[in-house]
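Asks: Got a structure for you, written out below as structure tokens; questions coming shortly.
Read the figures in this text as sums done on the coordinates, not as results from a lab. This is a predicted model, so every value here is computed, not measured. Every residue, glycine among them, receives a Cβ derived from its backbone with ideal geometry; neighbour counts consider all protein chains shown.
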Amino acid sequence: MRKRLVLFPLPLQGHQTPMLQLANILYSKGFSISIIHTQYNAPNSEINPHFTFHPIPNSLSQCETYSKEDVIRLIIKLNALLVAPFRDLLAGIVSDENAANKEPVACLITDAMWYFTQDVADNLNLPRIVLRTSNAACFYAFFYCPVFKYKGYLSAKGSELEAEVPEFPPLKMKDIPIHGTPDPEQTYELVCAMIEKTKASSGLILNTFQQLELTSLSAIRKAIPPIPIFAIGPFHKQVPASSSSLFAPDQSCISWLNVQAPNSVLYVSFGSIAAIEMKEFTEIALGLANSKQPFLWVVRPGLVRCSDGNDPLPSGFMEMVAERGRVVKWAPQQEVLAHPAVGGFWTHTGWNSTLESICEGVPMLCLPCFGDQMINARYVTDVWKVGFRFEDQLRRDDVEKVIRRLMVDKEGQEMRQKMTSLKEKACLSKEPGGPSYSSLESLVAHISSFSMKGQLLLFLTH
Ligand code: UDP
């Protein structure tokens, strides 16, 4: 009989997408899948008709865009609000397994940010595995946050923020993911809860691969030795392309890309949450226009703070760039990055975007906004050396110059070559014999061992 897994994604694009990809990977390994979800940002059940979906009743249902100001508050609020309804729903699914022909639930898999689910799982005697949707380096930096606090790094200000973190090269103080959040104390509490409850779990899954992050993975394995860690990424290369997008992608940009020269287009997107000031937005727009490079730019509603639904583009911008520029509200990003016309990606370095870029061999311009994006950007520029980063205030002249360095100059071409090698490693890691493939096999064996333990318990108690 098939075993059932219950998965619970965080209702944000960058978290929900990898959780649904993981669900499809595990489905392909013979597990049945139940998805518990909030009504807020509910996943589209029609895209995955082979899963069973369980909305949590009365869970935050308003559909608004959360900016970085709100997102930490939203997560903390949901962790408190959902305890009872989640427990009741999960208990119902688990007890349902006792009905004739129902599949036993082997374990619960939840986003690391759902720290409240560890106690719920413990009370139901159900093993919980954690999916952390950032990379290994970020998880390790979060693990280190109490040390950063003890050393006073969390109160670094001004020029101190440019200093390197002695215990964590090549991170700078400003890269510590607590800095730059609206309420650092609250963010710190969230991070500590996330780490503590991950340590109490039965395993940690990361959407990364060993050749990319060997050092960070070894460091985490040393730091939390009792927890098995499964680096089984890149997820999106192991499942058929299907959109779990919370916004409708504008496919018309693909026909525009089809008529552009190879490697000529800069794709610009800052993900689903990041918000920037109008002043920065204008510098980006004019830098793009002055660079004379073709570009495809995602200007999502809510990207520009306080734009109140008005078109934030400078007046006359589209006439100025004419056929050389394309602006959309949301793009089919994986398809765009895989397109031969795309030669660079200006990104906020969310982990999904960074990994998708690596998997297509596209070098990056990094404009991290907050949280793990700061660390991802540091690794892109200083460790993998496949991108440039805007370290200071955005100015249109610098934007223009750096775009040309990436898209036209020799430096950019060298980065593209390095990227090709990373792309090959990403691709090989999931093939039989590759580390992500082996790690996935271990994960499946680990989950199967839970259900055997469960059966043994059932046998002994009858
Ligand atoms: N994305 C997309 N179209 C867009 C912009 C983003 O499909 O126009 C997808 C992108 O492929 C990625 C996700 O949205 O999978 C963004 O996740 P990421 O971790 O990069 O950033 P977040 O939105 O969480 O800040």
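Asks: If amide H atoms are built 1.01 Å from N in the plane of the peptide, which residues on other chains or at least 5 residues away come under 5 Å of the amide H of T349?
Replies: Those lying under 5 Å, H to H, from T349 are L367.
Asks: Can you list the residues, at least 5 places off or on another chain, whose amide H is less than 5 Å from the amide H of H37, using H built in the peptide plane?
Replies: H54, I56
Asks: Another question, then. Report, in cubic angstrom per residue, the convex hull volume of the C-alpha atoms of the range 89-189.
Replies: Once divided by residue count, the hull of the range 89-189 is 120 Å³.
Asks: Which of the residue pairs K174/K237; K77/K222; K237/K425; K385/K423; K279/K418 have a Cα-Cα distance greater than 22 Å in the structure shown?
Replies: With Cα atoms farther than 22 Å apart: K174/K237; K77/K222; K279/K418.
Asks: Over all pairs of distinct alpha carbons, what does the Kirkwood formula give as the hydrodynamic radius of the chain, in Å?
Replies: Answer for the chain: a Kirkwood hydrodynamic radius of 23.0 Å.
Asks: Based solely on its DSSP helices, what 222 nm [θ] is calculated for the chain when runs of n ≥ 4 H residues each add -39,500 (n - 2.57) and the sum is averaged over all residues, nearest 500 deg cm²/dmol?
Replies: -13500 deg cm²/dmol
Asks: Out of the trypsin sites (Lys or Arg not before Pro) in the range 104-195, which ones are loop residues according to DSSP with at most 15 other C-beta atoms within 10 Å?
Replies: Numbers: sites: R128, R132, K149, K151, K157, K172, K174; in loops: K151, K157.
The qualifying sites are K151, K157.
Asks: How much of the pair distance distribution for the range 311-437 lies past 25 Å, counting alpha-carbon pairs only, in percent?
Replies: Numbers: 2300 of 8001 pairs.
Value for the range 311-437 (Cα pairs over 25 Å): 29 percent.
Asks: For the chain, what's the relative contact order in percent, using C-alpha pairs closer than 8 Å and at least 6 residues apart?
Replies: 16 percent
Asks: Filter the chain for me: DSSP H helices, axial length by Cα at least 15 angstrom, mean Kyte-Doolittle hydropathy not below -0.5. List them by residue number.
Replies: Sorted by number, the helices that extend far enough and score high enough are 13-28, 68-81, 83-96, 184-199, 210-223, 278-291, 435-461.
Asks: Please rank V239, V328, fewest neighbouring Cβ atoms within 10 Å first, as an exposure proxy. Walk me through the intermediate numbers first.
Replies: Details: V239 15, V328 19.
Placing the least packed residue first, the sequence is V239, V328.
Asks: Let me ask something additional. If you count, for each residue, the other Cβ atoms within 10 Å and average over each peptide, how do 198-204, 260-266, 44-50 line up from highest to lowest?
Replies: 198-204, 260-266, 44-50
Asks: I need the phi-derived Karplus couplings for the range 338-346: 6.51 cos²θ - 1.76 cosθ + 1.60, θ = phi - 60°, integer Hz, Gly and Pro marked x.
Replies: Couplings: 7, 6, x, 6, 7, x, x, 10, 8 Hz.
Asks: Amide H of V327: which non-local residues (sequence gap of 5 or more, or other chain) have their own amide H closer than 5 Å, using H built in the peptide plane?
Replies: W297
Asks: Sticking with this one: For the range 397-437, treating each Cα as an identical point scatterer without solvent, what Debye log10 I(q)/I(0) comes out at q = 0.14, 0.19, 0.26 1/Å?
Replies: -0.47, -0.61, -0.78
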